[in-house]
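Enquirer: Pasting a structure below so you can have a look.
The values are calculated or read from the model by the stated rules, or taken from the named source; none is laboratory data. None of the values given here were measured: they were computed from a predicted structure. Every residue, glycine among them, receives a Cβ derived from its backbone with ideal geometry; neighbour counts consider all protein chains shown.
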Amino acid sequence: MDAGMLNCPGCGAAVSADLPECEYCHRLLQTVACPKCMGMMFVGSRFCPHCGAAAQQVAEGEESHHACPRCKTDLLNITVGKMPMEECGRCGGLWVNVKSFDALCADTESQTAALGLQLPPVAELDTDVRYLPCPQCKNLMNRMQYAGRSGIIIQMCRPHGVWLDRDEIRQIVQFIRAGGLQRAREIEIEKLRYERAAATNQMRTPYLSDGSLDSSIAHADNAAMAIDLVSGLASIAGHFMK
């Protein structure tokens, strides 16, 4: 098969990967990356045409009791890999409880399934920057940048969950797999170490009047800084998911 041709998941005809719809059955076509080999395939394909991997890794269920905070459509219960989520069938947004979101960020199998998530056709929606209501408690959620430096803005209700707009789950997985989360943690650790050292230096000056180092103060400061650093690092593991 030509590298630029794929089979329509509706009628099976060979069509160009660049076409927005099948020229034979007129089904709307959207390409996604195979979660195993990253080759392109059409949404709705049962198997990847390049490596043969099963493409259906997202299970759909019944309507949830929540509505999409962006377009007010009823959300559907789905499972991505092992993680339960709620999806808007109109805009492609996802509502994920805090526990499942934390687990997704650590579970490679669910991350792989997320890369193959089949999105609905693009809908015209209000994309203005604004705070969205939590689908569960209706309070406005907090807007925050995932991991502090990913460039991906998510909305979170700390007691209930995380709202991800269309395709943001894929962007987060790619950021994690590119080492972005690990680098963000390392930068945060260095920042904490610097702040602890700066605070200690302002509080105590480990030098005598003759300019020599007072070893007793220096050792005490180092010990105090080490204790503070350990306690600070203990909270960093969950810093990016909260």
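Enquirer: Quickly run through segment 145-155 and pick out the residues that are surrounded by fewer than 16 Cβ atoms within 10 Å (Cβ to Cβ) and not in a loop (DSSP other than H, G, I, E, B). So that I can check it myself, show each step before the final result.
Expert: So the first thing to find is which residues in segment 145-155 are surrounded by fewer than 16 Cβ atoms within 10 Å (Cβ to Cβ), and the list is 145, 148-149, 151, 153.
The answer is Gln145, Gly148, Ile153.
Enquirer: Which residues, counting only those in segment 95-116, are within 13 Å of the chain's Cα centre (by Cα) and assigned to a loop (DSSP other than H, G, I, E, B)?
Expert: If the condition is that a residue be within 13 Å of the chain's Cα centre (by Cα) and assigned to a loop (DSSP other than H, G, I, E, B), then Cys105, Ala106, Asp107 are the ones that fit.
Enquirer: Output the number of residues of segment 66-100 satisfying the condition of being surrounded by 18 or more Cβ atoms within 10 Å (Cβ to Cβ) and either on the phi > 0 side of the Ramachandran plot or in contact with a Gly (Cβ under 7 Å, 6 or more places away or on another chain) (or both).
Expert: Final tally of qualifying residues: 8.
Enquirer: Residues in segment 22-42: is at least one at pLDDT 90 or above and not in a loop (DSSP other than H, G, I, E, B)? Spell out how you get there, then give the answer.
Expert: Here is the first cut: in segment 22-42, the residues at pLDDT 90 or above are none.
There is no residue in segment 22-42 that is at pLDDT 90 or above and not in a loop (DSSP other than H, G, I, E, B).
Enquirer: Can you tell me which residue within segment 101-144, out of those that are within 14 Å of His160 (Cα to Cα) and without any contact (Cβ under 8 Å) to a residue 40 or more places away in the chain, is surrounded by the fewest Cβ atoms within 10 Å (Cβ to Cβ)?
Expert: So in segment 101-144, the residues within 14 Å of His160 (Cα to Cα) come out as 101-102, 132-142.
Remaining after also requiring without any contact (Cβ under 8 Å) to a residue 40 or more places away in the chain: 137-140, 142.
On the way: Cys137: 12, Lys138: 10, Asn139: 12, Leu140: 14, Asn142: 12.
For segment 101-144, the residue satisfying everything is Lys138.
Enquirer: For segment 62-83, name all the residues that are touching a helix residue (DSSP H, G or I) at 6+ places or on another chain (Cβ under 6 Å) and either in a strand (DSSP E or B) or of a type in the set (Ser, Thr, Tyr) (or both).
Expert: Narrowing segment 62-83 to residues touching a helix residue (DSSP H, G or I) at 6+ places or on another chain (Cβ under 6 Å): 80-83.
Of everything in segment 62-83, those that are touching a helix residue (DSSP H, G or I) at 6+ places or on another chain (Cβ under 6 Å) and either in a strand (DSSP E or B) or of a type in the set (Ser, Thr, Tyr) (or both) turn out to be Val80, Met83.
Enquirer: Suppose the filter is closer than 19 Å to Arg158 by Cβ and either modelled with pLDDT of 90 or more or touching a Pro at 6+ places or on another chain (Cβ under 9 Å) (or both); does Leu94 pass it?
Expert: Details: closer than 19 Å to Arg158 by Cβ: yes; either modelled with pLDDT of 90 or more or touching a Pro at 6+ places or on another chain (Cβ under 9 Å) (or both): yes.
When the stated conditions are applied, Leu94 passes them.
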